[in-house]
1. Kindly state, to the nearest 0.05, the FRET efficiency for Ser540 paired with Asn139, given R0 = 35 Å and r defined as their beta-carbon distance.
2. Of all beta bridges DSSP finds with both residues in the chain, what is the antiparallel percent, to the nearest 5?
3. Can you tell me which lysines have their Cα less than 16 Å from the Cα of Lys146? Leave out same-chain residues fewer than eight positions away.
4. Hey, what number do you get for the chain at 222 nm if only DSSP H runs of n ≥ 4 count, each worth -39500 (n - 2.57), divided across all residues, to the nearest 500?
5. Using mean Cβ contacts within 10 Å as the protection proxy, how do 398-409, 485-496, 244-255, 44-55 order, highest first?
6. Out of the stretch 406-474, which GluC sites (Glu not before Pro) are coil in DSSP terms and have no more than 14 other C-beta atoms within 10 Å?
7. Just report the Cα centroid separation between the stretch 439-474 and the stretch 200-225, whole Å.
8. Count neighbours as other Cβ atoms within 10 Å of each site's Cβ, and list the GluC sites (Glu not before Pro) in the stretch 474-560 that are DSSP loop with at most 10 such neighbours.
Amino acid sequence: MSGLLSATFSSESAGSESSAAKERIDVAAGADGVPQNESIKAYLTGGGIASLASAAYLIQAGGVPGPNITILEASELLGGSLDGKGSPEHSYVIRGGRMFTEEAYTCMFDLLSFIPSLTTNGMSVKDEIYEFNSRIKSNSLCRLVKDGQKIDASHMGLSNADRMELISIMATSEDTLGAKRIEDIFELSFFKTNFWYMWCTTFAFQPWHSAVELKRYLLRFMQEFPRIHTLAGVRRTPYNQYDSIVLPITEWLVQHGVQFVTGTQVTNLDFNHGQDGKAVERIHTVSHGAEDSIVVRDIDLVFVTNGSMTAASTQGSMTEPARLASKEEDGSWALWETLVQDNPEFGNPAAFNSNVAESKWLSFTVTLTDPVFFNLMEQFTGNLAGTGGLVTIMDSNWLMSVVLPYQPHFLNQPPEMDVFWGYGLFPDIEGNFIKKKMSDCSGEEILNELCRHLRFDFHRPHIIKSANCIPSMMPYITSQFMPRVKGDRPDVRPTGTTNIAFIGQYCELPDDVVFTVEYSVRSAQTAVFSLLGVDKEVSSLYKAEHDLEIVLKSLATLFH
Ligand SMILES: Cc1cc2nc3c(=O)[nH]c(=O)nc-3n(C[C@H](O)[C@H](O)[C@H](O)COP(=O)(O)OP(=O)(O)OC[C@H]3O[C@@H](n4cnc5c(N)ncnc54)[C@H](O)[C@@H]3O)c2cc1C
């Protein structure tokens, strides 16, 4: 991929232009109504979905020519956290398996509506995903497991006090909640209810995470309350999200001439202070040890993905645990940390990245050459692969959950192989069967623990022999959920700046929820439409709380 996309990286020399921000907004409408911003150049730091989406909207809504857009990515791969890689020879790895919903993902589906599918001629990626979900419907028959048995998860198990707290947190303002943690609000018993087990494993919340983020999630996904035990509202992609989303977007951008520069880290930005405000005038980079810089004119645009939930992630193997790496080994936080030193209005990365013990967890991807595990799981859950969803083992010390996606999960996956994904929310606790912390376990030990929880004892040796289980350690995976206060995340368009936007998971978007592809795409729309003065509304934010029928149904679920 990086070979296909690698582009010539040349520094430019251009003088700065005054009042250029206004010049940029003063666009001439083209014949088709698309503004022609032909002289603007755009530089995007990071090759995750936030940047890919920004590039797509710069072209589609902003009329910026593709060759004027440069994406600078530190790693050799595009897609960032939205990953999926591997081959039959080397096994497969996804650090995450994503769940979407039709209601809440308005920005993501807007983007995918104009990206052509790579696998079905004449279809958009959005249509392809909708068509897939009309055939392969999610309806979990086994959401929770305890003592090796599936349990009835339709009962939420909430007390009156829990219900009151849930309603109260939804009604309390973000300012009032401030930096409170979820555990500051609920009784300890709340964290033992079916509701919490399903909620926390669906969205990866921990008791010590931000109460504000939980409030946003409760409101944003209220429509999911009545189906939280079946996950019937979840929409999935036909293949892993790299193959189904990142590849087609990248291909579309390549066809439009966008420049991809991988293996290049942005290390700093220089600003000038003009009459309109602060403008980026130079981008400093380092590429394979060589320093370079790009001159940015006032009319040009700079997009920064500040921080990454998969920063410093590492992989183990069937025989080795995944090592816990430090953020210094990965540049994803460094630029933001450097920028805030002189620009306090750009937020506070330390609120998110300074407590690895509370932000890390471990996922694992298992490639199997024998169908026995899938057969046993399908019998046990009552769901064919792709129709169930997360199966959470409530009495697992590691709080393990697994998902069997529809197969094949990779475009290049042969029919005789199966791939599934799982994760544990408590990697620092000893297993129930393997007396080691999950984070110290090899892939084989993690799979062993899983099989024992599921009581697949008879077939366990055979399953393990046919498996390659790759653990992925992600030190910052829930960093975006850490308690924070107003100002810790920069605005997408910080006040007093003219040509820079922050995009991704660590910028502020009112009411929307982080740890979603939606948030990154919303930041992209917000940034592009605002910087270019595009006369287009950001896709509407679905608000279930404004629909009385949904509110009543959801509240009724809490009493079940
Ligand atoms: C395990 C897991 C499960 C998930 N589940 C879901 C789900 O169910 N539903 C859902 O909607 N979302 C889910 N997500 C979240 C979703 O994948 C992310 O929110 C999204 O992919 C983030 O995209 P991004 O572009 O904002 O940031 P990232 O993808 O993190 O991209 C940042 C990129 O910028 C690069 N970079 C950073 N700094 C620099 C620099 N200075 N110079 C050059 N490059 C730089 C990094 O290398 C990285 O590639 C999940 C993610 C994971 C990991």
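1. 0.80
2. 70
3. Those lysines meeting the cut-off are Lys192.
4. -7500 deg cm²/dmol
5. Put in order of decreasing packing, that is 44-55, 398-409, 244-255, 485-496.
6. Counting only loop positions with at most 14 other Cβ atoms within 10 Å, the GluC sites (Glu not before Pro) in the stretch 406-474 are Glu416.
7. The stretch 439-474 and the stretch 200-225 have Cα centres spaced 29 Å from each other.
8. Loop-located and lightly packed - Glu537.
Bear in mind that the values in this text are calculations on the coordinates, not laboratory data. In this text the structure is predicted, and so the values were computed from the model without any measurement. All Cβ positions, even for glycine, are placed from backbone atoms using ideal geometry, and neighbour counts span all protein chains on display.
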